[in-house]
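Participant: Before I ask anything, let me first share the structure, which is written out below as structure tokens.
Laboratory data are not the source of any read-out in this text; all were calculated from the coordinates shown. Just so we're clear, the structure is a prediction, and the values are computed from it rather than from any experiment. Note that we place each Cβ from the backbone using ideal geometry, even for glycine, and neighbour counts take in every protein chain shown.
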Amino acid sequence: MTTNLDMTTYNEGNRGSGYKLSTIGDRMRARREQKGWTQKKVAERLNLLPTAYANYENGSRGIRADMVKDIATALECTTNYLLGEVNDPEESVYDEVSKFTNAEIQFLRSMRFTDEELSRLTREEFIQIQNFIDYQVKKHLLKEMEQK
């Protein structure tokens with residue numbers, strides 16, 4: 001799976017200003033340091049040897065897809081953060097969608113909106129879509145009434 005990693009600047013820790021969070025390992029390191037934890041502590045939370053965790057973090061060992069969720073849980077962050085889909089470690093792409101009610105989300109999905117499109121859609125844009133549909137329905141009903 002290819003993920004579009006957001007090149008968020010990381011200004012903390014020993015890497016200095018301007019360091020980019022371009023890999024899962026970079027984001028793991030940033031979150032661990034943000035929490036004030038050692039690699040050993042995170043490794044223990046994952047039931048791994050500290051060297052295995054360090055290898056994940058520095059990129060010398062690939063991370064299996066099924067490990068991403070476990071790592072996110074251990075680091076108390078979302079998988080969306082680790083994958084570079086959001087910049088806030090505690091935010092999910094679905095958090096943004098929650099600005100709509102379940103009925104509104106169901107309505108938008110019936111119009112074939114993807115989760116990604118829903119996450120970018122603002123409340124104002126949703127209201128514009130609703131107003132447009134209402135206008136079209138009324139226009140159609142008026143046209144039908146005129147034909148009778």
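Participant: Rounded, prolate or oblate: which fits the stretch 28-136 when a ≥ b ≥ c are the square roots of the eigenvalues of the alpha-carbon gyration tensor, with rounded for a/c under 1.5 and prolate only if a/b beats b/c?
Facilitator: Cα axes put the stretch 28-136 in the prolate bin.
Participant: Next up: How would the stretch 29-72 be classified by its alpha-carbon gyration tensor: rounded, prolate or oblate, with rounded meaning a/c under 1.5 and the a/b versus b/c comparison settling the rest?
Facilitator: Rounded, since a/c falls under 1.5.
Participant: Applying a 10 Å radius around every beta-carbon, put 52-63, 23-34, 119-130, 68-79 in order of their mean neighbour count, most first.
Facilitator: 23-34, 68-79, 52-63, 119-130
Participant: At 0.36 nm per residue, minus the direct Cα-Cα distance, what do residue 130 and residue 34 gain on full extension? Give it in nm, one decimal, please.
Facilitator: 30.4 nm
Participant: Could you check the spin-label model distance between residue 41 and residue 68? Points 7 Å from the Cα along Cα→Cβ, value in nm.
Facilitator: The modelled label-to-label distance comes out at 2.6 nm.
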